[in-house]
Each structure stands twice: as C-alpha cells, then as structure tokens.
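Asks: Pasting a structure here, questions to come.
Just so you know, all these numbers are worked out from the coordinates, no wet-lab data involved. Note that the coordinates shown come from a computational prediction; the quantities given were computed from them, not determined experimentally. Neighbour counts are summed over all protein chains in view; Cβ atoms, including those assigned to glycine, are modelled from backbone coordinates with ideal geometry.
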Amino acid sequence: MNRFEFRIFRDSGEELDRRIAARFPLRQRDRRRDTYLLAGSGQTAFKLRDGDTLDLKVRESLCGVLELWKPAGKIRLPASRREILQAIPAAGPCLADLAGDATLDAGAVTAAFAARGFRAIALRKDRRQFEAPEGDGIELVEITMESGTRPEVSIALEGPDPERLERLRMDLGLGGMRNCSYPARLLGHC
C-alpha cells in the first residue's frame, strides 16, 4: 500500500516519546535486523528484512514535506534469480551477472548489489508502532547501527491521507522539523 511518511531522527530519550506512548495505543512491538542496499540519492530503497525477505520501496513524490513511498516488490529468500526478478523487476541490473537458476540468499544478494556500487548498511531496530486516529501509524524506533555508531531514535508518522497526517504532525509539535527518510539518513543526506 502506498503511504505518506514523515520521519525524524534524533538522540534517544525525549519527552515526545513519552507523550506518544501515553496518548496512543500500542499496536505492535518487534525487534529485527535490516540491511539497506542503497545507491544514488536514496529515492529507491532495497531492504533485507531479518535476512530472509528482500523488498523495494520507491519514493514517488512529495506532498508538502511528506514523502509518498510505494512498495515495488517483495520476495522471501532464498530464491532463484528468476523468482526475484519476477517479484522485483527493478533488481535486474544488480543481478545481471548471475545465472537465472542461481539460488540466492541474503549474502549473495548483498554481494551482487555491492558489486554494482550499492552500499549495504546494516542496523538493528527495536520498533514500537502506535495506532493514531483513523488508522494512521506512529512509529518509535531505537536504531543501533552495526557499524558501531551510537544509537539514535527515529519517529515516523505514516498513513494514506496527507492532510490528516499533516494535522497529526502539527498536533505532535513536529512543524519545525525536517523530514528525513531512512535512505536519506543512511546515505548522509540529512
């Protein structure tokens, strides 16, 4: 499902985290390891979720400060090159040197992307997802980079309606903050 996002990053432990947790019901909590496979400006984001699922999201457009992200394919690994290309056609250039029947796990996919100039950036996430009014989501994520940098927190607002999400952003006092997606942050653009 296409969704608009507004995301900020900062050092851990602020009042906003406590306000969100007190005001909105917790929908889900999970811990996982994601590896982002990124190149260029970060408008496309390949991601390995917990080492067993490859997905692609593409930033389609902007609506004010909100970014519209569109899922562009997802497949469970290991899978053959042919299966991956059926699920995620945009992965084709990164897998061009591999045989069609080659079975690829997360390590092989990462190596193939790295050979094409993509950066593999691994991080651990402790995510809490909260239910905002009308089905929108608020996500608080404690992020630890596997490269050893100090942990930080991401706060994201996500939903299909940009006007409603913008109202939620203002209501939470995020009006003066700059939107920064995971790809942009990991590539050092914000």
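Asks: Note down the net charge around residue 20, summing +1 for each Lys or Arg and -1 for each Asp or Glu among other residues with Cβ under 14 Å from its Cβ.
Replies: Here the charged neighbours net out to +1.
Asks: What is the gain in length, in nm to one decimal, between residue 149 and residue 2 on full extension, counting 0.36 nm per residue of separation less the C-alpha to C-alpha distance?
Replies: 49.8 nm is the gain from fully extending residue 149 to residue 2.
Asks: Continuing with the same structure: With +1 on the Cβ of every Lys and Arg and -1 on the Cβ of every Asp and Glu, and nothing else charged, how large is the dipole of the chain about its Cα centre, in debye rounded to the nearest 20?
Replies: Working: 32 positive and 29 negative charges, 43 e Å.
So the magnitude is around 200 debye.
Asks: Excluding residues on the same chain fewer than 8 positions from residue 74, give the lysines whose Cα lies under 18 Å from its Cα.
Replies: Output for residue 74: 47, 57.
Asks: Based on alpha-carbon atoms only, what is the radius of gyration of the stretch 39-147 relative to the globular estimate 2.2 N^0.38 Å?
Replies: Against the compact-globule rule of thumb, the ratio is 1.19.
Asks: In addition: Using a Förster distance of 22 Å, how high is the FRET efficiency between residue 43 and residue 74, based on the Cβ-Cβ distance and rounded to 0.05? Walk me through the numbers on the way to the answer.
Replies: Numbers: r = 18 Å, r/R0 = 0.82.
Calculated transfer efficiency: 0.75.
Asks: Report D for the stretch 5-60 in µm² per second (integer): Stokes-Einstein, Kirkwood Rh on Cα pairs, 20 °C, 1.002 mPa s.
Replies: D = 151 µm²/s.
Asks: For the chain, what does the helix formula give at 222 nm: sum of -39500 (n - 2.57) over DSSP H segments with n ≥ 4, over the residue count, nearest 500 deg cm²/dmol?
Replies: Numbers: 6 runs with 45 residues, N = 190.
Dividing the helical sum by the residues of the chain leaves -6000 deg cm²/dmol.
Asks: Turning to a different aspect of this structure: Straight-line reach from residue 70: which aspartates and glutamates have a Cα under 17 Å away, not including same-chain ones fewer than 8 places off?
Replies: 5, 55, 60, 136, 158, 161
Asks: To the nearest 0.05, what FRET efficiency results for residue 108 and residue 50 with a Förster distance of 22 Å applied to their C-beta separation?
Replies: 0.85
Asks: Measuring from label point to label point, each 7 Å out along Cα→Cβ, what is the residue 63 to residue 33 span in nm?
Replies: 3.7
Asks: Take the Cα radius of gyration of the chain and divide it by 2.2 N^0.38 Å, with N its residue count; two decimals is plenty.
Replies: 1.06
Asks: Starting from the Cα of residue 16, move 7 Å in the Cα-to-Cβ direction to define the label point; list residues of the stretch 33-76 whose amide nitrogen is under 16 Å from there.
Replies: 65-67
Asks: Can you give me the angle between helix 106-115 and the longest principal axis of the chain, using Cα atoms only, in degrees from 0 to 90, rounded to the nearest 10?
Replies: Rounded to the nearest ten degrees, it is 80.
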